[in-house]
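Contents: one structure, followed by commentary.
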Amino acid sequence: QQEVWAKLKDEPTFSSDGEQVELAGNIGTPDDVHGVLNNGGEGVGLYRTEFLYMGKSELPSEDEQYEAYKSVLEQMGDKPVVVRTLDVGGDKELSYLDLPKEMNPFLGYRAIRFCLDNEQVFRPQLRALLRASAFGNLKIMFPMIATLEEFRQAKAILLDEKEALVADGVKVSDDIEVGIMVEIPSTAVIAKQFAKEVDFFSIGTNDLIQYTMAADRMNEQVSYLYQPYHPAILNLVNTVIEAAHKEGKWVGMCGEMAGDSIAIPILLGLGLDEFSMSATSILPARTQIRNLSKEKMVSYKEEILAMGTAEEVVEFIKEKTE
Ligand code: PEP
Ligand code: MG
């Protein structure tokens, strides 16, 4: 098994019938890039920048962030790197920000909501990213987008910082794609409208599942409801992919589901373009996809989307892929 994987390390990812997808890695720090490259990652599909902000007593400076982003981009060369802007709140607390305690932190003041309200935190991160963009293939992604206004506002702030840097003679890449995480059902439902304005989507199933099923991702007593293969989740994923493809945009997935061996055949059939997962899942996923016919998976799509329960979906996939 290990040998099969090693051989595939520098290969692109094709299904048995020759359809290509991209397999990328999720990282939290610049040191994680080795793991992605050593495991055959074709890009970084999610750089969780929270770690720069956590475990310290004050905000990281713009320069400190710039160095981290530049290091990741340089190590990845031409390969795409999707950097997610700060996603604090929810389960990720920053002691020095002194945010008020909330009854429902996962439904509260977090991620883009916090950043749009605290431009003194958001703008330095965007400047650091723009300055680093000259060193690789950067894509910027905003987390927890619930409305089009949030996306427009975040993008306007990004463009404002870009103009200011360019006016100062700083080199900034001219083709940075700007996309969003789809992890709130409202955004998945109106993906068609979003698809006209974003450059890409990345589906964050860790949160999308908890918000769709109204089941806290950390609460064991309701974990039976945390169902990645629930037809509601699959239909939302399908809505997002169809909407994006109609506008010629690409769709990735960076939640745990992207590396799951039951989910992979389904996602291939739904037309997912990029799968981003923990580094150690990349080669097993590539091996699995090489043995799957995309055409066949596409032919099961309508039947799967019409199923009533997650259990039926799992049974069906097991039967069809054994
Ligand atoms: C997600 O919600 O699926 C995701 C990738 O983000 P995080 O796990 O960091 O909330
Ligand atoms: Mg999330």
Bins of 5 Å, beginning at zero and ending with the bin holding the largest distance: percent of Cα pairs per bin for the stretch 141-218, please. 3, 15, 23, 19, 14, 11, 7, 5, 2, 1
Net +/- balance of residues flanking Ser16 in space, Cβ distance below 11 Å, scoring K and R +1, D and E -1: 0
From the phi angles alone, apply the Karplus equation (6.51, -1.76, 1.60; θ = phi - 60°) to the stretch 242-256 and give each ³J(HN,Hα) in whole Hz, x where the residue is Gly or Pro. 4, 5, 5, 5, 4, 9, x, 9, 9, 10, x, 9, 10, x, 3
Ranked by GNM mean-square fluctuation in the chain (Cα springs under 10 Å), the top entry among Thr239, Thr309, Thr187 is Thr309
Mind ordering 141-147, 243-249 by average Cβ neighbours within 10 Å, highest first? 141-147, 243-249
5 angstrom amide H check on Val182, placed H, neighbours 5+ away: Ser202, Ile203, Gly204
Selected from Val166, Val251, Val240 as most flexible by GNM, with the chain as the system and alpha-carbon contacts under 10 Å: Val166
Which of the lysines could a cross-linker span from Lys294 if the Cα-Cα distance has to be under 20 Å and same-chain partners fewer than 8 positions apart are dropped? Lys246, Lys249, Lys318, Lys320
Only Cα pairs within less than 10 Å get springs; with that Gaussian network setup on the chain, which residue of Val121, Val88, Val170 has the largest fluctuation? Val170
Restricting attention to the alpha-carbon atoms of the stretch 84-180, what are Rg (one decimal) and Dmax (integer), both in Å? 14.3, 46
Can you give the angle from 0 to 90° between the axis of helix 148-167 and the longest principal axis of the chain, with both taken from C-alpha atoms, to the nearest 10? 50 degrees
Give me the distance in nm between label points sitting 7 Å out from Cα along the Cα-to-Cβ direction at Asn118 and Asp175, one decimal. 3.6 nm
Within the chain, helix-based [θ] at 222 nm, where runs of 4 or more DSSP H residues each add -39,500 (n - 2.57), nearest 500: -13500 deg cm²/dmol
Skipping prolines and chain starts, which residues have an amide H placed within reach, meaning under 5 Å, of the one on Asn137, given they are 5 or more residues away or on another chain? Val81
Can you compute the charge dipole magnitude of the stretch 137-242 about its Cα centre, using +1 on each Lys and Arg Cβ and -1 on each Asp and Glu Cβ, nothing else charged? Give it in debye, rounded to the nearest 20. 240 debye
Under the Karplus relation 6.51 cos²θ - 1.76 cosθ + 1.60, θ = phi - 60°, what is the ordered set of whole-Hz ³J(HN,Hα) values for the stretch 110-122, x standing for Gly and Pro? 8, 6, 5, 5, 5, 5, 5, 8, 10, 4, 5, 8, 5
Of the residues Leu292, Met257, Gly271, the Cα lying farthest along the dipole of the stretch 250-303 towards its positive end, which is defined by charges on the beta carbon of Lys, Arg, Asp and Glu, belongs to Leu292
Go through 2-8, 16-22 and give me the packing order, highest mean Cβ count within 10 Å leading. 16-22, 2-8
Mind ranking 97-105, 27-35 by how tightly packed they are, going by the mean number of other C-beta atoms within 10 angstrom, highest first? 27-35, 97-105
Stokes-Einstein diffusion coefficient for the stretch 128-283 at 25 °C in a medium of 0.890 mPa s, Rh from the Kirkwood formula over Cα pairs: what value in µm²/s? 148 µm²/s
Give the cross-link partners of Lys79 among the lysines, using a straight C-alpha distance below 16 Å as the criterion and excluding same-chain residues fewer than 8 apart. Lys9, Lys70, Lys139
Please quote Rg/Rh for the chain to two decimal places, taking the Kirkwood radius as Rh and restricting both calculations to Cα atoms. 0.96
Please list 3J(HN,Hα) in residue order for the stretch 291-302, calculated via the Karplus relation 6.51 cos²θ - 1.76 cosθ + 1.60 where θ = phi - 60°; whole Hz, with x for glycine and proline. 9, 10, 8, 5, 4, 5, 5, 5, 5, 8, 3, 4
Rank the residues Lys56, Lys294 as a footprinting-exposure proxy: fewest other Cβ atoms within 10 Å of their Cβ go first. Lys56, Lys294
How many Å³ per residue does the convex hull of the Cα positions in the stretch 1-129 occupy? 149 Å³
Amide H contacts under 5 Å for Met307, restricted to residues at least 5 apart in sequence or on another chain and with H modeled in the peptide plane, are none
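Throughout, read-outs are computed from the coordinates displayed, never taken from laboratory work. Model, not experiment: these values are computed from the prediction. Positions of Cβ are generated from backbone atoms using ideal geometry, with glycine treated the same way; all protein chains shown enter the neighbour counts.
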